[in-house]
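**Q** Quick one: the structure is below, and I'll ask about it shortly.
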Amino acid sequence: MTAISLGVPEVPVRPIAERRLSRRIQVGPVAVGGGTPVSVQSMTTTRTSDIGATLQQIAELTASGCQIVRVACPTQDDADALATIARKSQIPVIADIHFQPKYVFAAIEAGCAAVRVNPGNIKQFDDKVKEIARAARDHGTPIRIGVNAGSLDKRLLKKYGRATPEALVESALWEASLFEEHDFRDIKISVKHNDPVVMVNAYRQLAAACDYPLHLGVTEAGPAFQGTIKSAVAFGALLSEGIGDTIRVSLSAPPAEEVKVGIQILESLGLRQRRLEIVSCPSCGRAQVDVYKLADEVTAGLEGMEVPLRVAVMGCVVNGPGEAREADLGVASGNGKGQIFVKGEVIKTVPESKIVETLIEEAMKIAEQMEANGVASGEPGSTASGKPSVTVS
């Protein structure tokens, strides 16, 4: 009798939605828009004038997977530091400008990869657009028009009464039109609000009204838990409609946490190749092992793994075998022991005390084989059916 493999067939991952086709701009080496992979951004929390501290934080962000970093520029000392930071940073640096238009020119001259301007709080900004457009064009510097609910132009607040989606979009398109008058279209736009519903509606309207690449963000999203939920809901709604070219998760938390959340959102939507994925259930009365403990220990043991591997840690005999069989690597636990699955096949049964170390050993073997076969780690925008992922039930 011919043995039938129970392993899951390789099924191509389909994108969640057809991407909105926008213009493409170049932020340093990172392409934004035009169907290129959705990039993840964050912002430093250091004083930009403290060059050493800022570069250190940028290095930490780079290590966490950040692709573009924004730095604040509220003072002349900060502006003076931009050239060194832009030159030494491993990822493109965007200068974040508020209030003083002179710092826009300073950032362009300093060689920043892009400049973010907030028209609502830069005095006489509209009068400076011609000069800004000329300087940006001469240096090949893209401009991000960043409209925020908290700093909307007073004229629009008077017209709409509050920061409605229509008010945010009108502000953004008005400013874009001023640049267009000077034949400058190297632009991306954001229309941020702290309410995900308002934010989603604003971006939908904006996406329908222009072809500029869009930077997604829920501004002032809040502490880590709340901000993660709000950002995931808003980004998921928009990205599932193909809207969004680059993202920043705004959290009251260390910037590297923003990056981790942003990457996880994209991986969950299939917009970038997943790396290690741990699948686990919430546990229940059927569990015959300590699922929480197993999941935490396996996660800690595989921390830092970059190849796309799915690991399932299951705690009962109802869903356990099925979930473990569908993962690259898994365990179905019960009665003080665990069946170890690799690519859908049971390779051994081990006592509960050996489950964690066995899973880690097998994961390392699979990762080594994947690397030998040329399977890349989780790169932006790519997808693969084989991914490091751990499932715990």
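**Q** Could you work out the local net charge near ALA31, counting Lys and Arg as +1, Asp and Glu as -1, over the other residues with Cβ closer than 10 Å to its Cβ? List each step's numbers first, then the result.
**A** Details: positive: ARG24; negative: ASP245.
Taking every Cβ under 10 Å from that of ALA31, the sum is 0.
**Q** How high is the relative contact order of region 276-373, given as a whole-number percent (alpha carbon pairs under 8 Å, six or more residues apart)?
**A** Details: 181 pairs, mean separation 22.8, N = 98.
Relative contact order, region 276-373: 23 percent.
**Q** Please compute the per residue accessible area over the chain with all protein chains in place, 1.4 Å probe, rounded to a whole number of Å². If you can, show how the numbers build up before the last one.
**A** Working: 17430 Å² over 393 residues.
Ligands and nucleic acids excluded, the figure is 44 Å² per residue.
**Q** Hey, another quick one. Using the Karplus equation 6.51 cos²θ - 1.76 cosθ + 1.60 (θ = phi - 60°), what ³J(HN,Hα) coupling, rounded to whole Hz, does each residue of region 106-115 give in order, writing x for Gly and Pro?
**A** 4, 5, 5, 5, 6, x, 4, 5, 6, 10
**Q** Another question about this same structure. Which of the trypsin sites (Lys or Arg not before Pro) found in region 235-331 are loop residues per DSSP with 14 or fewer other Cβ atoms within 10 Å of their Cβ? Can you show the working numbers first?
**A** On the way: sites: ARG248, LYS260, ARG272, ARG274, ARG275, ARG286, LYS293, ARG310, ARG325; in loops: ARG272, ARG274, ARG275, ARG286.
Those that pass, being in a loop and sparsely packed, are ARG286.
**Q** With everything on Cα atoms, drop me the angle between helix 255-268 and the longest principal axis of the chain, reported from 0 to 90° to the nearest 10.
**A** Result, in degrees: 60.
**Q** How large is ³J(HN,Hα), in whole Hz, for each residue of region 299-311 in order, when computed from phi with the Karplus curve 6.51 cos²θ - 1.76 cosθ + 1.60 and θ = phi - 60°, using x for Gly and Pro?
**A** 4, 5, x, 9, 4, x, 5, 9, 6, x, 10, 9, 10
**Q** For VAL27, what residues show an amide H to amide H distance below 5 Å, using hydrogens built from the backbone and excluding near sequence neighbours?
**A** For VAL27, the qualifying residues are VAL32.
**Q** Using only alpha carbon pairs under 8 Å that are at least six residues apart, calculate the relative contact order of region 54-115 and give it in whole percent.
**A** Relative contact order, region 54-115: 36 percent.
**Q** Please list the non-local residues whose amide H lies under 5 Å from the amide H of VAL331, H modeled 1.01 Å from N, same-chain partners needing a gap of 5 or more.
**A** ALA312, VAL313, MET314, PHE341
**Q** Compute the acute angle (0 to 90°) between the alpha-carbon long axis of helix 165-180 and the principal axis of greatest extent of the alpha-carbon atoms of the chain; round to the nearest 10°.
**A** So the inclination is approximately 60 degrees.
**Q** What aspartates and glutamates does LYS159 reach when the alpha-carbon gap must be under 16 Å and sequence neighbours fewer than 8 apart in one chain are set aside?
**A** Within the straight-line cut-off, LYS159 pairs with GLU170.
**Q** Aspartates and glutamates near LYS348 by alpha-carbon distance under 19 Å, same-chain residues fewer than 8 away left out - which ones?
**A** Cross-link targets: GLU323, GLU326, ASP328, GLU357, GLU361, GLU362.
**Q** Work out how far the C-alpha atoms of region 276-373 reach from end to end along every principal axis, then list the three figures in whole Å, largest first.
**A** That works out to 41, 24, 20 Å along the principal axes.
**Q** In the chain, what percent of the accessible surface is made up of carbon and sulfur (1.4 Å probe, ligands and nucleic acids excluded)? Don't skip to the end; give the middle numbers.
**A** Numbers: 8940 of 17430 Å².
So the carbon and sulfur contribution to the accessible surface is 51 percent.
**Q** With an 8 Å Cα cut-off and a minimum separation of 6 or more residues, compute the relative contact order for the chain in percent. Kindly include the intermediate steps, with their values, before the conclusion.
**A** Details: 903 pairs, mean separation 64.5, N = 393.
Once divided by the residue count of the chain, the mean separation gives 16 percent.
**Q** Taking square-rooted eigenvalues a ≥ b ≥ c of the alpha carbon gyration tensor, is region 25-269 rounded, prolate or oblate, where a/c under 1.5 means rounded and, failing that, a/b exceeding b/c means prolate? Display every interim value, and only then the final one.
**A** Details: a/c = 1.44, a/b = 1.03, b/c = 1.40.
Rounded is the answer for region 25-269, as its axis ratio a/c remains below 1.5.
**Q** Taking θ as phi - 60°, what are the ³J(HN,Hα) couplings along region 234-247 by the Karplus curve (6.51, -1.76, 1.60), each to the nearest whole Hz, with x for Gly and Pro?
**A** 5, 5, x, 4, 6, 5, 5, 9, x, 9, x, 10, 7, 9
**Q** Placing unit charges on C-beta atoms (Lys and Arg positive, Asp and Glu negative, everything else neutral), compute the dipole magnitude of region 25-269 about its Cα centre in debye, rounded to 20. Provide the component values of the computation, followed by the final result.
**A** Details: 24 positive and 27 negative charges, 59 e Å.
With only Lys, Arg, Asp and Glu charged at Cβ, the dipole is about 280 debye.
The values are calculated or read from the model by the stated rules, or taken from the named source; none is laboratory data. What you see is a predicted model; the values in this text were computed from it and never measured. Cβ: placed from backbone, ideal geometry, glycine included. Neighbour counts: every protein chain shown. These accessible areas exclude ligands, DNA and RNA; they are computed on the full protein's heavy atoms, side chains included. Shrake-Rupley method; radii C 1.70, N 1.55, O 1.52, S 1.80 Å.
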